[in-house]
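Here is the structure we will look at.
The values are calculated or read from the model by the stated rules, or taken from the named source; none is laboratory data. Treat the numbers as computed from the prediction; the structure is a model and nothing was measured. Glycine gets a Cβ as well: all are built from the backbone with ideal geometry, and neighbour counts include every protein chain shown. Please note that ligands, DNA and RNA were not included when accessible areas were found on the heavy atoms of the full protein model with its side chains. Shrake-Rupley method; radii C 1.70, N 1.55, O 1.52, S 1.80 Å.
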Amino acid sequence: MTLTLQEPAPVKAPPTAPGERRGRPARSGSVVLRVLTYCALAALAVAVVYPLCWMAVSGLKTNGEIFSDPWGLPAHPDWGTYAEAWHQGVLGYLLNSVLVTAASVLAVVLISAWAAYGLTRLAMPFSQPALLLVLGAMMLSPTVALVPLTQLLQALHIYDTYWALIVLYTAFKVPFTTFLIRAYLLGQPVEVEEAALIDGAGRWQIFWRVVVPMARPILVSAALLQALFSWNEYAFALVFITDGHLKTLPVGLADMAGRLNSDWPVLFAGLTIAALPMIVIFLVAQRHFVRGLSEGIGK
(Lines give C-alpha, C1' and ligand atoms only; values in the text may rest on other atoms or scores of the structure.)
Protein backbone atom coordinates (compact mmCIF):
# COMPACT_ATOMS: atom_id res chain seq x y z
CA MET A 1 0.00 0.00 0.00
CA THR A 2 1.48 3.26 -1.12
CA LEU A 3 0.84 6.49 0.79
CA THR A 4 0.93 9.70 -1.14
CA LEU A 5 1.48 13.02 0.58
CA GLN A 6 -0.41 15.99 -0.72
CA GLU A 7 0.97 19.46 -0.41
CA PRO A 8 -1.19 21.70 1.70
CA ALA A 9 -3.23 24.22 -0.20
CA PRO A 10 -1.82 27.72 -0.04
CA VAL A 11 -3.54 29.91 2.50
CA LYS A 12 -5.05 32.97 0.91
CA ALA A 13 -4.47 36.21 2.65
CA PRO A 14 -7.63 38.01 3.78
CA PRO A 15 -8.76 40.75 1.43
CA THR A 16 -7.44 44.11 2.32
CA ALA A 17 -9.50 47.24 2.51
CA PRO A 18 -9.14 49.81 -0.23
CA GLY A 19 -7.37 52.14 2.15
CA GLU A 20 -4.89 49.38 3.13
CA ARG A 21 -4.10 48.51 -0.50
CA ARG A 22 -3.35 52.08 -1.25
CA GLY A 23 -1.39 52.54 1.95
CA ARG A 24 0.07 55.94 2.46
CA PRO A 25 -1.87 57.76 -0.32
CA ALA A 26 -5.21 56.97 1.39
CA ARG A 27 -3.95 58.24 4.73
CA SER A 28 -2.49 61.34 3.15
CA GLY A 29 -5.81 62.02 1.41
CA SER A 30 -7.69 61.90 4.71
CA VAL A 31 -5.11 64.18 6.29
CA VAL A 32 -5.51 66.70 3.47
CA LEU A 33 -9.30 66.61 3.84
CA ARG A 34 -9.00 67.15 7.59
CA VAL A 35 -6.63 70.08 7.11
CA LEU A 36 -8.96 71.67 4.59
CA THR A 37 -11.89 71.24 7.00
CA TYR A 38 -9.96 72.88 9.83
CA CYS A 39 -8.91 75.73 7.56
CA ALA A 40 -12.53 76.33 6.50
CA LEU A 41 -13.71 76.30 10.13
CA ALA A 42 -10.90 78.66 11.13
CA ALA A 43 -11.84 81.06 8.32
CA LEU A 44 -15.48 80.94 9.41
CA ALA A 45 -14.49 81.61 13.03
CA VAL A 46 -12.41 84.62 11.97
CA ALA A 47 -15.28 85.96 9.84
CA VAL A 48 -17.61 85.77 12.86
CA VAL A 49 -15.27 86.82 15.68
CA TYR A 50 -13.25 89.55 13.97
CA PRO A 51 -16.16 92.04 13.50
CA LEU A 52 -17.02 91.69 17.19
CA CYS A 53 -13.41 92.28 18.22
CA TRP A 54 -13.13 95.24 15.83
CA MET A 55 -16.26 96.77 17.30
CA ALA A 56 -14.99 96.34 20.87
CA VAL A 57 -11.56 97.79 20.01
CA SER A 58 -13.12 100.72 18.13
CA GLY A 59 -14.87 101.68 21.35
CA LEU A 60 -11.43 102.36 22.85
CA LYS A 61 -10.30 104.72 20.07
CA THR A 62 -10.88 108.34 19.30
CA ASN A 63 -12.85 109.61 16.33
CA GLY A 64 -9.64 110.51 14.55
CA GLU A 65 -8.17 107.04 15.01
CA ILE A 66 -11.33 105.37 13.73
CA PHE A 67 -11.18 107.27 10.43
CA SER A 68 -7.40 107.46 10.01
CA ASP A 69 -6.53 103.89 11.05
CA PRO A 70 -9.78 101.88 11.24
CA TRP A 71 -8.03 98.48 11.37
CA GLY A 72 -5.27 99.38 13.83
CA LEU A 73 -5.09 99.27 17.59
CA PRO A 74 -5.69 102.39 19.69
CA ALA A 75 -2.56 104.28 20.70
CA HIS A 76 -4.00 105.03 24.13
CA PRO A 77 -7.09 102.92 24.96
CA ASP A 78 -9.80 105.06 26.48
CA TRP A 79 -12.08 102.97 28.72
CA GLY A 80 -14.03 106.09 29.53
CA THR A 81 -16.05 105.65 26.32
CA TYR A 82 -17.70 102.56 27.81
CA ALA A 83 -18.59 104.49 30.96
CA GLU A 84 -19.92 107.32 28.80
CA ALA A 85 -22.07 104.90 26.78
CA TRP A 86 -23.35 103.40 30.03
CA HIS A 87 -24.46 106.80 31.29
CA GLN A 88 -25.88 107.88 27.92
CA GLY A 89 -28.77 105.47 28.43
CA VAL A 90 -27.39 102.01 27.67
CA LEU A 91 -28.07 100.92 31.24
CA GLY A 92 -31.77 101.73 30.99
CA TYR A 93 -32.10 100.17 27.54
CA LEU A 94 -30.30 97.08 28.79
CA LEU A 95 -32.64 96.66 31.76
CA ASN A 96 -35.68 97.09 29.50
CA SER A 97 -34.39 94.45 27.10
CA VAL A 98 -33.61 92.05 29.94
CA LEU A 99 -37.13 92.43 31.36
CA VAL A 100 -38.93 92.00 28.02
CA THR A 101 -36.67 89.15 26.90
CA ALA A 102 -36.90 87.21 30.16
CA ALA A 103 -40.70 87.52 30.33
CA SER A 104 -41.21 86.52 26.69
CA VAL A 105 -38.79 83.58 26.94
CA LEU A 106 -40.56 82.25 30.03
CA ALA A 107 -44.00 82.62 28.46
CA VAL A 108 -43.03 81.12 25.09
CA VAL A 109 -41.24 78.09 26.54
CA LEU A 110 -43.98 77.25 29.04
CA ILE A 111 -46.89 77.69 26.62
CA SER A 112 -45.13 75.88 23.78
CA ALA A 113 -43.95 72.99 25.94
CA TRP A 114 -47.42 72.40 27.36
CA ALA A 115 -49.01 72.66 23.89
CA ALA A 116 -46.44 70.26 22.40
CA TYR A 117 -47.04 67.80 25.24
CA GLY A 118 -50.78 67.88 24.58
CA LEU A 119 -50.31 67.37 20.83
CA THR A 120 -47.99 64.38 21.28
CA ARG A 121 -49.18 62.62 24.42
CA LEU A 122 -52.88 63.32 24.90
CA ALA A 123 -55.73 61.91 22.84
CA MET A 124 -57.45 65.21 22.19
CA PRO A 125 -60.25 65.79 19.70
CA PHE A 126 -59.31 67.88 16.68
CA SER A 127 -55.60 67.44 17.40
CA GLN A 128 -54.71 67.36 13.70
CA PRO A 129 -56.62 70.57 12.87
CA ALA A 130 -54.94 72.17 15.87
CA LEU A 131 -51.55 71.14 14.52
CA LEU A 132 -52.42 72.57 11.12
CA LEU A 133 -53.50 75.78 12.83
CA VAL A 134 -50.13 75.96 14.56
CA LEU A 135 -48.31 75.42 11.28
CA GLY A 136 -50.48 78.03 9.56
CA ALA A 137 -49.67 80.59 12.24
CA MET A 138 -46.00 80.22 11.34
CA MET A 139 -46.76 81.70 7.93
CA LEU A 140 -47.97 85.04 9.32
CA SER A 141 -45.68 88.02 8.76
CA PRO A 142 -45.53 90.32 11.79
CA THR A 143 -44.97 93.49 9.78
CA VAL A 144 -48.21 93.23 7.78
CA ALA A 145 -50.23 93.36 11.00
CA LEU A 146 -48.80 96.55 12.45
CA VAL A 147 -51.95 98.65 11.97
CA PRO A 148 -54.48 96.17 13.43
CA LEU A 149 -52.05 95.31 16.22
CA THR A 150 -51.78 98.98 17.13
CA GLN A 151 -55.57 99.24 17.38
CA LEU A 152 -55.73 96.01 19.39
CA LEU A 153 -53.08 97.10 21.89
CA GLN A 154 -54.74 100.47 22.32
CA ALA A 155 -58.07 98.75 22.96
CA LEU A 156 -56.42 96.54 25.58
CA HIS A 157 -54.73 99.60 27.15
CA ILE A 158 -51.29 98.07 26.94
CA TYR A 159 -49.93 100.23 24.13
CA ASP A 160 -46.61 101.89 25.04
CA THR A 161 -46.01 99.45 27.90
CA TYR A 162 -43.77 96.45 28.47
CA TRP A 163 -46.80 94.21 28.02
CA ALA A 164 -47.18 95.26 24.40
CA LEU A 165 -43.82 93.74 23.47
CA ILE A 166 -44.14 90.74 25.77
CA VAL A 167 -47.54 89.74 24.36
CA LEU A 168 -46.48 90.20 20.75
CA TYR A 169 -43.15 88.43 21.11
CA THR A 170 -44.94 85.53 22.76
CA ALA A 171 -47.79 85.31 20.29
CA PHE A 172 -45.63 85.33 17.18
CA LYS A 173 -43.10 82.77 18.44
CA VAL A 174 -45.34 80.20 20.15
CA PRO A 175 -46.26 78.40 16.87
CA PHE A 176 -42.67 77.80 15.77
CA THR A 177 -41.51 76.84 19.27
CA THR A 178 -44.45 74.43 19.66
CA PHE A 179 -43.55 72.78 16.36
CA LEU A 180 -39.91 72.50 17.45
CA ILE A 181 -40.65 70.95 20.86
CA ARG A 182 -43.27 68.63 19.37
CA ALA A 183 -40.72 67.24 16.90
CA TYR A 184 -38.38 66.51 19.81
CA LEU A 185 -41.03 64.84 21.96
CA LEU A 186 -42.04 62.53 19.12
CA GLY A 187 -38.64 60.88 19.35
CA GLN A 188 -38.69 60.40 23.12
CA PRO A 189 -39.85 57.09 24.67
CA VAL A 190 -43.22 57.10 26.40
CA GLU A 191 -42.51 54.13 28.69
CA VAL A 192 -41.20 56.36 31.48
CA GLU A 193 -44.33 58.48 31.37
CA GLU A 194 -46.54 55.38 31.35
CA ALA A 195 -44.70 54.03 34.38
CA ALA A 196 -45.24 57.31 36.22
CA LEU A 197 -48.92 57.22 35.26
CA ILE A 198 -49.24 53.68 36.65
CA ASP A 199 -47.58 54.81 39.89
CA GLY A 200 -50.35 57.36 40.33
CA ALA A 201 -48.77 60.53 38.99
CA GLY A 202 -51.08 63.01 37.33
CA ARG A 203 -50.56 64.66 33.99
CA TRP A 204 -49.28 67.82 35.64
CA GLN A 205 -46.72 65.89 37.69
CA ILE A 206 -45.65 63.85 34.65
CA PHE A 207 -45.15 67.02 32.66
CA TRP A 208 -42.98 68.75 35.26
CA ARG A 209 -41.08 65.76 36.67
CA VAL A 210 -40.66 63.57 33.58
CA VAL A 211 -41.22 65.45 30.34
CA VAL A 212 -39.47 68.70 31.21
CA PRO A 213 -36.22 67.04 32.39
CA MET A 214 -36.21 64.76 29.33
CA ALA A 215 -36.79 67.70 26.99
CA ARG A 216 -34.20 69.99 28.58
CA PRO A 217 -31.99 70.27 25.45
CA ILE A 218 -34.81 71.39 23.18
CA LEU A 219 -36.19 73.71 25.86
CA VAL A 220 -32.80 75.38 26.15
CA SER A 221 -32.61 75.70 22.37
CA ALA A 222 -36.09 77.21 22.22
CA ALA A 223 -35.25 79.63 25.02
CA LEU A 224 -32.07 80.77 23.27
CA LEU A 225 -33.83 81.30 19.95
CA GLN A 226 -36.56 83.31 21.64
CA ALA A 227 -34.02 85.33 23.61
CA LEU A 228 -32.10 86.15 20.43
CA PHE A 229 -35.29 87.25 18.68
CA SER A 230 -36.55 89.39 21.57
CA TRP A 231 -33.13 90.93 22.20
CA ASN A 232 -32.64 92.09 18.60
CA GLU A 233 -36.23 92.80 17.51
CA TYR A 234 -36.61 96.34 16.15
CA ALA A 235 -39.92 96.87 14.29
CA PHE A 236 -42.34 96.15 17.16
CA ALA A 237 -40.13 98.00 19.67
CA LEU A 238 -40.07 101.03 17.39
CA VAL A 239 -43.81 101.15 16.64
CA PHE A 240 -45.38 100.11 19.94
CA ILE A 241 -43.03 101.89 22.38
CA THR A 242 -42.83 105.69 22.32
CA ASP A 243 -41.76 106.37 25.92
CA GLY A 244 -37.99 106.90 25.99
CA HIS A 245 -37.74 105.21 29.39
CA LEU A 246 -39.26 101.97 28.03
CA LYS A 247 -37.23 101.56 24.84
CA THR A 248 -35.19 98.41 24.34
CA LEU A 249 -31.60 98.22 23.13
CA PRO A 250 -32.09 98.24 19.32
CA VAL A 251 -34.31 101.32 19.32
CA GLY A 252 -32.45 102.96 22.18
CA LEU A 253 -29.09 102.62 20.46
CA ALA A 254 -30.54 104.12 17.29
CA ASP A 255 -31.80 107.11 19.28
CA MET A 256 -28.46 107.37 21.07
CA ALA A 257 -26.64 107.50 17.73
CA GLY A 258 -28.68 110.59 16.80
CA ARG A 259 -27.99 112.26 20.14
CA LEU A 260 -24.25 111.61 20.10
CA ASN A 261 -23.75 113.51 16.82
CA SER A 262 -21.26 111.04 15.28
CA ASP A 263 -19.39 110.23 18.48
CA TRP A 264 -18.46 106.83 17.06
CA PRO A 265 -16.35 105.46 19.95
CA VAL A 266 -19.23 105.82 22.41
CA LEU A 267 -21.62 104.27 19.90
CA PHE A 268 -19.29 101.31 19.32
CA ALA A 269 -18.97 100.91 23.07
CA GLY A 270 -22.76 100.82 23.41
CA LEU A 271 -23.05 98.22 20.64
CA THR A 272 -20.43 96.07 22.36
CA ILE A 273 -22.29 96.24 25.67
CA ALA A 274 -25.53 95.30 23.89
CA ALA A 275 -23.98 92.27 22.16
CA LEU A 276 -22.07 90.94 25.17
CA PRO A 277 -24.99 89.33 27.10
CA MET A 278 -26.13 87.20 24.15
CA ILE A 279 -22.57 86.10 23.43
CA VAL A 280 -22.07 84.96 27.02
CA ILE A 281 -25.39 83.13 27.10
CA PHE A 282 -24.67 81.26 23.88
CA LEU A 283 -21.20 80.27 25.06
CA VAL A 284 -22.60 78.90 28.32
CA ALA A 285 -25.52 76.98 26.77
CA GLN A 286 -24.04 76.01 23.41
CA ARG A 287 -23.90 72.27 24.21
CA HIS A 288 -27.62 72.04 24.99
CA PHE A 289 -28.42 74.38 22.09
CA VAL A 290 -26.70 72.25 19.44
CA ARG A 291 -28.03 68.99 20.88
CA GLY A 292 -31.60 70.26 21.07
CA LEU A 293 -31.63 71.56 17.49
CA SER A 294 -29.98 68.44 16.06
CA GLU A 295 -32.41 66.10 17.79
CA GLY A 296 -35.47 68.29 17.26
CA ILE A 297 -35.17 69.57 13.72
CA GLY A 298 -33.58 66.36 12.51
CA LYS A 299 -36.73 64.32 13.22
Approximate spin-label separation Thr242-Trp86, in nm, with each point projected 7 Å along Cα-to-Cβ: 3.4 nm
Unit charges on C-beta of K, R, D, E only; dipole of the chain, Debye: 1100 debye
In Å², nearest 10: area of Val266 left accessible to a 1.4 Å probe: 0 Å²
Per-residue ³J(HN,Hα) for the range 141-150, Karplus 6.51 cos²θ - 1.76 cosθ + 1.60, θ = phi - 60°, Hz, x for Gly and Pro: 9, x, 6, 6, 10, 5, 5, x, 5, 4
Pairs of Cα atoms farther than 27 Å apart, the chain, %: 61 percent
Label point distance in nm, Leu260-Val31, each placed 7 Å from Cα along Cα→Cβ: 5.0 nm
Gain upon complete extension [Met124, Arg287; 0.36 nm per residue less C-alpha separation]: 55.2 nm
Residues Ser68 and Met138, FRET efficiency given R0 of 51 Å [Cβ-Cβ distance, rounded to 0.05]: 0.55
Accessible surface ranking that places the most exposed of Lys247, Lys61 first, with a 1.4 angstrom probe: Lys247, Lys61
For Thr248, residues with placed amide H under 5 Å, excluding near neighbours: none
Residue-wise HN-Hα coupling along the range 83-96, computed from phi with Karplus coefficients 6.51, -1.76, 1.60 (Hz; x: Gly, Pro): 5, 5, 4, 4, 7, 6, x, 4, 4, x, 4, 5, 5, 5
Along each principal axis, Cα extent of the range 229-289, largest first, Å: 41, 30, 16
On Cα atoms only, tilt of 24-58 relative to the major axis of the chain in degrees: 10 degrees
Relative contact order %, the range 31-175, counting alpha carbon pairs below 8 Å whose residues are six or more apart: 23 percent
Coil-residue chymotrypsin sites (Phe, Trp or Tyr not before Pro) of the range 155-260, DSSP, other Cβ within 10 Å capped at 14: Tyr234
1.4 Å probe accessible area per residue over the chain, in Å²: 61 Å²
Positive-pole candidate from Ile158, Ala274, Leu260, dipole of the chain, charges at beta carbon: Ala274
Surface share of carbon and sulfur [accessible, 1.4 angstrom probe, percent] for the chain: 70 percent
By accessible area with a 1.4 Å probe, ligands and nucleic acids excluded, highest first: order of Glu194, Glu233: Glu194, Glu233
Over the chain: helical MRE at 222 nm, DSSP H runs n ≥ 4 each giving -39500 (n - 2.57), nearest 500: -22500 deg cm²/dmol
Computed FRET value (nearest 0.05) for Ala201 with Ala40, which takes r as the C-beta separation and R₀ as 35 Å: 0.10
Val57 accessible area, assembled protein chains, probe 1.4 Å, Å²: 40 Å²
